[in-house]
Structure formats: C-alpha cells, structure tokens
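The values are calculated or read from the model by the stated rules, or taken from the named source; none is laboratory data. Please read these numbers as outputs of a predicted model, since none were measured by experiment. All Cβ positions, even for glycine, are placed from backbone atoms using ideal geometry, and neighbour counts span all protein chains on display. The accessibility values were calculated without ligands, DNA or RNA, using every heavy atom of the protein model including side chains. Shrake-Rupley method; radii C 1.70, N 1.55, O 1.52, S 1.80 Å.
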Amino acid sequence: AIDVVRNQIPQLPPARPQAFDLPALAESWRVEYRQMRRASVGAKTDQPGRIVVFGRIDDIDACHAALRRWLARRASDALPPWIERMGAQCGYQPTAVAIKNQRTRWGSCAPSGRISLNCKLLFLPREMVRYVMVHELCHLIEPNHSHRFWAHVRALEHWADARHGQMRDAWKLVPSWAQPP
C-alpha cells in the first residue's frame, strides 16, 4: 500500500467549491447549488461538466459530503475498468476492485486479490494514477515491498522511482472538501 503524511493536506476554511478538475480523467466540473426544501443534501451530474448540489445547501459540511459521494460514484465508474485493462495487459487480474475514500492510502491489495483504490486518485495526473495501479497489481504476485516486488513494479513502470517520490506530495493536489472529516 502507498501511505501518506496527513499534514501535507492543506487546511483551508470550509467553502463550497464552484469548480474543480479531475486530471486523471481529463475532466473539468462546474458546481451549481440549488436550495430545496428537504432535510438532506445530494449531488448529481446535471449534464456533462456540471454537477448540481441540491437540498439544504447552507450546510457546507453536508455539501462537501454530497460531493464526496458524487466523487466516489465517478471513481467507481472510471477506475475499475481502467485497472482491469491494465491487469489484462500485464497478466495480473484482481479478484475484485473496490473504491474507497481512504484517509491515508492511495490503494491497497488484500491477500484475497481484492484491490482497493482511493476515489481521490481522480485529482492526480494520469501517470500517477497508473503508477498506483501498477503498484497494487504487483502486490498480486508479491504481497510485500521486497526487492522482487520493486523489480516487478520497475518492469511495468519505467519511471517507478520518480513516481514513488512524487506520491509523497500528491495529497497537495486533493482539495480539502474531498477529504473526509
């Protein structure tokens, strides 16, 4: 698994985001807010490139939670097919792929062969997401960080050492609203 240092996440005063980019998918999203008489807050894709957050939008924390749920759904649509294609190319297939909103990991691989990916990967450049996927796929054959494991990673990802270093700062690319409280 790839762990992180939590203090690298910038702590800004809470605000409702008006727009954000998902570099992993080359997508830009505008966010609109609609006050409605309902107890909860939801978020849905209104049209390509536009998300509508609706309900009690004066509750900023609830707006952030709705956007995190939307992000997890977007990641669930995009990341499993991506890692499954990569697994097919290198010959390592996960038994299942789960999308989570982990606080301290970009991904993990269970002994059962189930790979979990963090939905916040969508905020990273494609090459960094690819590195995390290669890293987790290699755990299917080497469930450790031995020399053999790193040899597999380097064989599939030529820039593995540089990417590994970049991952230490990658949390700075994640907006504060996307991080669970």
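Tell me, yes or no, whether segment 147-163 has at least one residue that is hydrophobic (A, V, I, L, M, F, W, C), on the phi < 0 side of the Ramachandran plot, touching a Lys or Arg at 6+ places or on another chain (Cβ under 6 Å) and not in a loop (DSSP other than H, G, I, E, B).
Looking for residues that are hydrophobic (A, V, I, L, M, F, W, C), on the phi < 0 side of the Ramachandran plot, touching a Lys or Arg at 6+ places or on another chain (Cβ under 6 Å) and not in a loop (DSSP other than H, G, I, E, B), one finds at least one in segment 147-163, hence yes.
Among the residues of segment 125-144, which ones are open to solvent by 20 Å² or more (accessible area, probe 1.4 Å), part of a helix (DSSP H, G or I) and closer than 16 Å to residue 105 by Cα?
130, the sole residue that qualifies.
Is at least one residue of segment 95-110 more than 15 Å from residue 174 (Cα to Cα), open to solvent by less than 30 Å² (accessible area, probe 1.4 Å) and assigned to a loop (DSSP other than H, G, I, E, B)?
No, the conditions are met nowhere in segment 95-110.
Select from segment 49-67 the residues that are of a type in the set (A, V, I, L, M, F, W, C) and under 27 Å from residue 26 (Cα atoms) and list them in ascending order.
51, 52, 53, 54, 60, 62, 63, 65, 66, 67
Name the single residue that is nearest to the chain's Cα centre (by Cα) among those in segment 145-160 being open to solvent by 50 Å² or more (accessible area, probe 1.4 Å) and over 19 Å from residue 86 (Cα atoms).
Among them, the one singled out is 145.
Yes or no, residue by residue, for (1) of a type in the set (Asp, Glu); (2) on the phi > 0 side of the Ramachandran plot:
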residue	(1), (2)
74	no, no
81	no, no
84	yes, no
94	no, no
99	no, no
105	no, no
109	no, no
113	no, yes
